[in-house]
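Engineer: Submitted below is the structure of interest, expressed as structure tokens.
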Amino acid sequence: MTSPALHEPVLQQFPATRWDAAARALIVPADIARAVAQWLTQPANGEFDYCSNVTGVDFLPKEIKEKTKNADGTEETLTRTEPGSLQVVYHLYSMRRRTGPLVLKQVAPREKPVAASLTPVWRSCELQEREVFDLFGVRFEGHPDLRRLLMWDEFEGFPMRRDYVEPADYEWEPTPHGEVLEKHRRGKVIS
Amino acid sequence: MIDTLIHILALTAPVAMIFASLFAFTTWLERKILARIQNRIGPNYINIPFTKFRKTFGLLQPAADGFKMLVKEDIVPHGADRFLHLLAPILALVPAMMVLCLLPFDLPFANESMKRIHAAALDNAVLLFFGITSINTLAVFMAGWASRNKYSLLGGMRAVAQMVSYEIPLVLSAAVVIMAVGSLSAQKIVAAQSTHWFIFTPWGLAAFFIFFIASLAETNRSPFDLPEAESEIIAGYFTEYSGFKFALFFLGEYLSIFAINGLAVTLFFGGGNGPWVQAHPWLSCVWFLAKIFGLIFIIIWLRGTVPRLRVDQLMAFAWKFLMPLSILNLFVAAVALKVQQPWLTWPLCALVLYAAAHGLSRLQQKNVGPRTYQYAE
Amino acid sequence: MKLLGSGIFKGMAVTLENFVRSYFDRDRKHHLFTKEYAWKSDAPADQLPARADTTVTTRSRNFPMLLHDGKGSEDPMASIRCVACQICERECPPQCIFIEKEYDANGKFVKRPVIFDIDISVCMSCQICVEVCPFDAIVMNSEFELSNNDRFNGLLVRRDALLKSNDYYHRIHPEEAQERDDRMAREKAEKEAKQAAADAAKKKAAELAAEKAAELAAAKPKVDPAAPTATPQ
Amino acid sequence: MSTAAPIAAPPYKLVRHDEAEAGLLEVSMGPHHPSTHGVFRMDVKLDGETVVRLKPVFGYLHRNHEKLAEGMSYLSSMPFTDRLDYFNSMANNWAYALAAEKLVDVPVPERAQYLRVIMAELTRLVNHTSLVGFFLNDLGALGTPLLYAFRERERILDLFEQASGARMMCNYFRFGGLRCDVPAGWLDRTRALVGGFPKFLDEFEKLLCENEIILARTQHVGVLSGAQAINAGITGPMLRASGVNYDLRKVDAYGIYDRFSFRVPLGAAGDCYDRFMIRMLEMRESLKILEQALRDIPEGPVMGNAPRVFKPAAAEVYGRVESPKGELGFYLIADGTTKPYRYRVRPPSLINLTVLEDLCVGHSIADAVVILGSIDIVLGEVDR
Amino acid sequence: MIEQVAFYILSAVAVLGALLAVSRRNLVHGVFALLLFFAALSGLFVMLLADYVAAVQVLVYIGAVGILLLFTIMLTEHVTGDDLRRLGVRGWFWGLLLAVAVPAVLILPAVLNEKSAKAAPIVVAQGNPALANNATQANTVKALGKVLMEKYVVPLEVLALLLTAALIGAVAVAHAPEKDASGKDTPA
């Protein structure tokens, strides 16, 4: 996975970035993302000339119940809701040096998600960022041609979000499978 | 007057019937040969209704196709020019039919007056032949324009450009033989070849080579089937044709293949003469058809092997390779006919023609050739 | 000074060779490769089409089938292996299996499915159900002539149509069936062995307890006055 | 290896798409076009026969395979990976199994490792022969090369059917090994096939590689430079045809590829002819790997002791494999339940299409079809 | 008798073709009607036993000129003619005058000069055997060839030049004016 040496220089160069040890990824704020990307492609620091994979991940807001011992020793559960987020994950490789993946993440809020497009730096992100926009709704600033990639242009909603509800007119044929599906629906939630 | 009409009918009707039935046989032949080239069997099952009989070696396949074409719905696109859409297949078929009667194909049962009429008709057969086949270009354009579809318009324009530019090498390479014989009449050309066929002279061989390639382009076959390039513009000018009009186009194409190969046989392979023809004259018919089917085998064989040229390469090949070669061949043939010693003229002609052909092709494709690749560990 | 057009002639030589040799390739191994369709009408009934080696191999899987151990004659439902545990219904990727349990008169669950439908217009014969089934009740059939003209009910295969006997399974997939039977036999043997060991252990424990009880009963009249302090081992 | 030029300005020009287009012919080479290798549409603006603008349109075969996978267990989405790039089901299975095995480190037995390499290389043969066949079909050679290629493909598919039960949708790999061992006699049949394959390749090269028409139609058409390819994320034979030496079997050396000696062919010009020839040469290299693997495959079990219920701990993993079309990657986020939290497939065909417009503009419509053929896309993987 | 019937049919077709060529609004229909006219003309040549000229007529006029006309039409823009406004009827007087003058000039000398008017149709009508056998088939081509190449070489060359000039002029006029980047019409 990410060899430790890869992300250290980035942390020193850009103090605003932080290292998420659990996911072994570099969280980069949207405003300096393109500068970091440009910097990373320089031969001096890692020469990541190849962006292999761009993925959108949707984290729903989570309630976390914490047991806190307040002053008089009684247990009291505090429910804190952690805000959800839409993350755009970039896997960067260097083809010349054959070095492993450096994972870059842009975290955007769920309501009006905006991220910096890295297409001007790596052209391979063009179609993949369009797909993240199409299925998750993350607007990419600076993308040359931001349109829906897979869905037809008049489609509303973002299917890959975890709270996406299928529209009622989802056309399915009344095959026997349909009855089978309905019986299932009554019994258990398919989701 | 009436009996001449009957004689004319007696001459043309059998020719038309023979070649129409040969069309059915050739479609079967083509599918079987292509199949065998591609390691498969080709059509071999026809479920004859109400019988358990299945294995028929596919001989009923043309009948089945013909019936299917009859029964299929004939769709005319909305904005199409209805009259021209109907006229195009007819115009593709009629010239091909007419031209078939110009071939020196002496029917065994012909009596004296029919022979005289046939000779009269064959007088300037070659010129009439080229005149009438040029109408085919018109039909293709009409089909392309009338179906009001982008692909067919593209196909139509490609077909017209191709046919016009390949007619010139076709006519020039035929002119060589006419110059050698001194007459336009097919009868005289065949007679002149009784001893040795023109294919065995160097300028004859070069003329046949050019004539054969130009005839491929004229009938939109194999390396030049650009107007109906299904991988680029679906079916070219007959995209919007279905049902029997589509079958008419195919009939027209096959008949023009028979016609132009028939002319190739008369010009270069000595028409009806072959061994034992003096003994029983009806053999000339058989020889004539056998030679035509020899050429058709080569056409089908080419269709199974060679990919398609691009439009600009097609044009460059016609104007920069075939035409200069055919003009040069004209001069070389003139010299060879003047100087009568074959032992001197033949090697010389062969050398000159081959050098010109190689030079011209080198001129065209400068940096194209097989490459070697390096490997990395 | 390569001959002009030699590439094309070389290519034509290859196709001519294929054309000519396709007439001499008797056993159709290379130059005449098409395998003719194995007409079902040619094959004997309830048997794979005669030319099994060409189209259907001993491992090819087309659509699932339920197994029962009974011989051909008596009612297959008697010896059906499926116990309607619905694991396969949950794990099936395209969700095409539908099961309803069978309850007898007073509502107790009889370990058998009343309804076991597979919608073969949705099933993609991916064989996940066979893997996750703990009772070897469902296996893949290799019957491939299933087309019919009724899109709605024709393609929903009911339970009775799915049921096939175990020896039919041996006929179409011999070594797979053999392997499965051996495994089941081995497991049954292990279970019996475990069962026997457990019975033996229980019996031994029972004897031990009986013996201790007898011993206890024998010792009690002697030290009656000091009994309360003794704690049972 | 061509040195990657330092990328100062954006490597491609921003083209405004609405300049005056009065006289242009707008053709939609639509989803039902015979040479788009599946339901793929290209909005092409033609000036006469030359392409002025070409906008690919995707989504006709989009089934949202990733949302499906989030609703099912890890094992249940394995058969769906067969349907991603339906020409190489074994390569897709391996990519998914490789990624999943990084989540839970299950030791894969030796015989399974060898069988995985054999199956992957057989799939590469199937894919490259079919591609060369379709490529020639786009050029107009009516089916003959395609049917020779399909003759060899049939033999390999029969082997797959005897091993996994299905010809194309094999669903044969499991986390920690393979579903079942190959039947008796299977390895000898494979050795016979691998022995006979070079004869087929020689015949193919004799038929195609010096054909003047093919040379004229494919050389100097759709030229792609090495730096542009790297920056556009092109992977697989298309990248190596532009001269960049990057083959995952050598770079990551996943599975046991480091035990086999084989070479990586590199192109020089990066045009359609190079892409076609690289695939022909790669087939010969795959044969070498197959011979070595078939020679020293050991006996033994095929399935490691994987847990009955696959329930990995929370982690993020990206596994990638050199599929015949390029780098096929699986990005899995596990959250401790039996269902993946996020399941992402990196489709090599889709990303290789990024440069389609750059290659086609300026060429004729006949060349656009040839260039698309040389990129080798399969719509199951492009649209997922 | 047959010749007369054939002659009337052919000339009727020729007139019909010419009329259609002039009246049709759709240019493509116009060209095809013109080609029908040429075909009828070649039929008339066959009637006059000049089969070489008939063949050349088909080859040159229908095969080449027709196609070139269609090519030039393809370069013009308003072809189907359904979007054209009615071309004003202002110049009708001069058109009528011309329509009367030209046939008058052609037919009057034949009508006034009695002798030649009577002789011409008869020769064609009887299919005069004299004409049939002395013009033996073989040498019509040779005769024409000799005459063309010796007596009329110069007019032949001039005619060729004229035709090419006419075609190039047509293309230049009909070619759509180049639109420069800003969309304004630049003078062609």
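Derivation of every value follows stated rules applied to the coordinates shown; laboratory data play no part. This one's a predicted model, so the numbers in the text were calculated from it and none came from an experiment. Glycine gets a Cβ as well: all are built from the backbone with ideal geometry, and neighbour counts include every protein chain shown.
Engineer: I'd like to verify a number: residues in the stretch A:133-148 that are touching a strand residue (DSSP E or B) at 6+ places or on another chain (Cβ under 8 Å) and either within 10 Å of chain D (Cβ to nearest Cβ) or of a type in the set (Gly, Ala, Ser) (or both), how many?
Structural biologist: Counting residues in the stretch A:133-148 that are touching a strand residue (DSSP E or B) at 6+ places or on another chain (Cβ under 8 Å) and either within 10 Å of chain D (Cβ to nearest Cβ) or of a type in the set (Gly, Ala, Ser) (or both) gives 3.
Engineer: In this structure, does residue B:270 turn out to be more than 12 Å from the chain's Cα centre (by Cα) and closer than 22 Å to residue B:302 by Cβ?
Structural biologist: Criteria not met by residue B:270.
Engineer: Same structure again: Quick one: which strands (runs of 3 or more DSSP E) lie wholly within the stretch A:1-63 and hold at least 3 residues that are among the β-branched types (Val, Ile, Thr)?
Structural biologist: A:50-59
Engineer: To continue, here is another question. Look at the stretch D:356-365 and say how many of its residues are within 20 Å of the chain's Cα centre (by Cα) and either crowded, with 24+ Cβ neighbours inside 10 Å or without any contact (Cβ under 8 Å) to a residue 24 or more places away in the chain (or both).
Structural biologist: 1
Engineer: When the residues of the stretch A:24-48 are filtered to those that are among the small types (Gly, Ala, Ser) and under 20 Å from the mean Cα position of the chain (by Cα), which remaining residue is nearest to the other protein chains (Cβ to nearest Cβ)?
Structural biologist: A:25
Engineer: While we're here: List every residue pair whose Cβ atoms sit under 6 Å apart, with the two residues 6 or more apart in sequence or on different chains, where the first one lies in the stretch A:79-101 and is closer than 17 Å to residue A:33 by Cα and the second, anywhere, is among the polar types (S, T, N, Q) and outside any loop (DSSP other than H, G, I, E, B).
Structural biologist: Close Cβ pairs satisfying both conditions: A:88/A:106; A:89/A:55; A:91/A:52; A:91/A:53; A:93/A:52.
Engineer: Please determine, by comparing only the residues of the stretch B:354-377 that are more than 7 Å from every other protein chain (Cβ to nearest Cβ) and either touching a Leu at 6+ places or on another chain (Cβ under 7 Å) or of a type in the set (Asp, Glu) (or both), which one is farthest from residue D:265 (Cα to Cα).
Structural biologist: Across the stretch B:354-377, the extreme among qualifying residues is B:356.
Engineer: Which of the helices (runs of 4 or more DSSP H) contained wholly in the stretch D:269-384 include at least 3 residues that are under 17 Å from residue A:128 (Cα atoms)?
Structural biologist: Passing ranges, in order: D:348-352, D:379-383.
Engineer: Report, by residue number, each residue of the stretch B:172-208 that is out of contact with any Asp or Glu (no Cβ under 6 Å at 6 or more places or on another chain) and either assigned to a loop (DSSP other than H, G, I, E, B) or of a type in the set (Lys, Arg) (or both).
Structural biologist: Answer for the stretch B:172-208, where residues must be out of contact with any Asp or Glu (no Cβ under 6 Å at 6 or more places or on another chain) and either assigned to a loop (DSSP other than H, G, I, E, B) or of a type in the set (Lys, Arg) (or both): B:182, B:183, B:184, B:188, B:193, B:194, B:195, B:196, B:197, B:201.
Engineer: Turning to a different aspect of this structure: Inspect all residues belonging to the stretch A:66-76 and state whether any of them is in contact with a strand residue (DSSP E or B) (Cβ under 8 Å, 6 or more places away or on another chain), touching a residue at least 12 places away in the same chain (Cβ under 8 Å) and away from every other protein chain (no Cβ under 14 Å).
Structural biologist: yes
Engineer: Hey, another quick one. For the stretch A:141-157, state whether one or more residues are within 20 Å of the chain's Cα centre (by Cα) and of a type in the set (Lys, Arg).
Structural biologist: Taking every residue of the stretch A:141-157 in turn, at least one turns out to be within 20 Å of the chain's Cα centre (by Cα) and of a type in the set (Lys, Arg).
Engineer: Look through B:180, B:206, B:192, B:247 and report the one residue that is within 13 Å of another protein chain (Cβ to nearest Cβ) and more than 12 Å from the chain's Cα centre (by Cα).
Structural biologist: One residue alone meets the criteria, B:206.
Engineer: Now, a different point. Of these, B:276, B:301, which one is closer than 30 Å to residue B:106 by Cβ, in contact with a helix residue (DSSP H, G or I) (Cβ under 9 Å, 6 or more places away or on another chain) and without any contact (Cβ under 8 Å) to a residue 24 or more places away in the chain?
Structural biologist: Among B:276, B:301, only B:276 is closer than 30 Å to residue B:106 by Cβ, in contact with a helix residue (DSSP H, G or I) (Cβ under 9 Å, 6 or more places away or on another chain) and without any contact (Cβ under 8 Å) to a residue 24 or more places away in the chain.
This table checks each residue for (1) of a type outside the set (A, V, I, L, M); (2) more than 20 Å from residue D:171 (Cα to Cα); (3) free of Cβ contacts under 8 Å to residues at least 60 places away in the same chain; (4) assigned to a helix (DSSP H, G or I).
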position: C:71; (1), (2), (3), (4): yes, yes, no, no
position: C:102; (1), (2), (3), (4): yes, yes, yes, no
position: C:107; (1), (2), (3), (4): yes, yes, yes, no
position: C:112; (1), (2), (3), (4): yes, yes, yes, no
position: C:123; (1), (2), (3), (4): yes, no, no, no
position: C:136; (1), (2), (3), (4): yes, no, no, no
position: C:145; (1), (2), (3), (4): yes, yes, no, no
position: C:161; (1), (2), (3), (4): no, yes, yes, yes
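Engineer: Of everything in the stretch B:140-164 that's in a helix (DSSP H, G or I), more than 16 Å from the chain's Cα centre (by Cα) and among the small types (Gly, Ala, Ser), which residue is surrounded by the fewest Cβ atoms within 10 Å (Cβ to Cβ)?
Structural biologist: Step by step, filter the stretch B:140-164, then rank; the result is B:161.
Engineer: Looking at the stretch B:336-355, can you tell me whether even one residue there is β-branched (Val, Ile, Thr), in contact (Cβ under 8 Å) with a residue 12 or more places away in the chain and touching an Asp or Glu at 6+ places or on another chain (Cβ under 8 Å)?
Structural biologist: No; the residues of the stretch B:336-355 include none that is β-branched (Val, Ile, Thr), in contact (Cβ under 8 Å) with a residue 12 or more places away in the chain and touching an Asp or Glu at 6+ places or on another chain (Cβ under 8 Å).
Engineer: Report whether or not residue B:357 is small (Gly, Ala, Ser), under 30 Å from residue D:142 (Cα atoms) and within 21 Å of the chain's Cα centre (by Cα).
Structural biologist: No, not satisfied.
Engineer: Which of the numbered conditions does residue D:210 fail, given that it passes all the others? Conditions: (1) over 30 Å from residue C:29 (Cα atoms); (2) surrounded by fewer than 24 Cβ atoms within 10 Å (Cβ to Cβ); (3) in contact with a Pro (Cβ under 8 Å, 6 or more places away or on another chain).
Structural biologist: (1)
Engineer: Of the residues that make up the stretch D:173-182, is at least one crowded, with 23+ Cβ neighbours inside 10 Å, within 14 Å of chain A (Cβ to nearest Cβ) and outside any loop (DSSP other than H, G, I, E, B)?
Structural biologist: Within the stretch D:173-182, none of the residues are crowded, with 23+ Cβ neighbours inside 10 Å, within 14 Å of chain A (Cβ to nearest Cβ) and outside any loop (DSSP other than H, G, I, E, B).
Engineer: Out of (1) within 25 Å of residue D:70 (Cα to Cα); (2) within 9 Å of chain D (Cβ to nearest Cβ); (3) buried (at least 24 other Cβ atoms within 10 Å of the Cβ), the odd one out for residue A:113 is which?
Structural biologist: The number of the failed condition is (2).
Engineer: Let me ask you something else. Scanning the stretch E:1-23 for residues that are without any contact (Cβ under 8 Å) to a residue 24 or more places away in the chain and touching a helix residue (DSSP H, G or I) at 6+ places or on another chain (Cβ under 7 Å), which turns out farthest from the other protein chains (Cβ to nearest Cβ)?
Structural biologist: E:18
Engineer: Restricting the stretch B:209-224 to residues that are surrounded by 24 or more Cβ atoms within 10 Å (Cβ to Cβ) and outside any helix (DSSP H, G or I), which is nearest to the chain's Cα centre (by Cα)?
Structural biologist: Selected residue: B:219.
Engineer: Further question on the same structure: Conditions: (1) facing chain D (nearest Cβ under 10 Å); (2) free of Cβ contacts under 8 Å to residues at least 24 places away in the same chain; (3) closer than 26 Å to residue A:132 by Cα. Residue A:62 meets all but one. Number of the miss?
Structural biologist: For residue A:62, the exception is condition (1).
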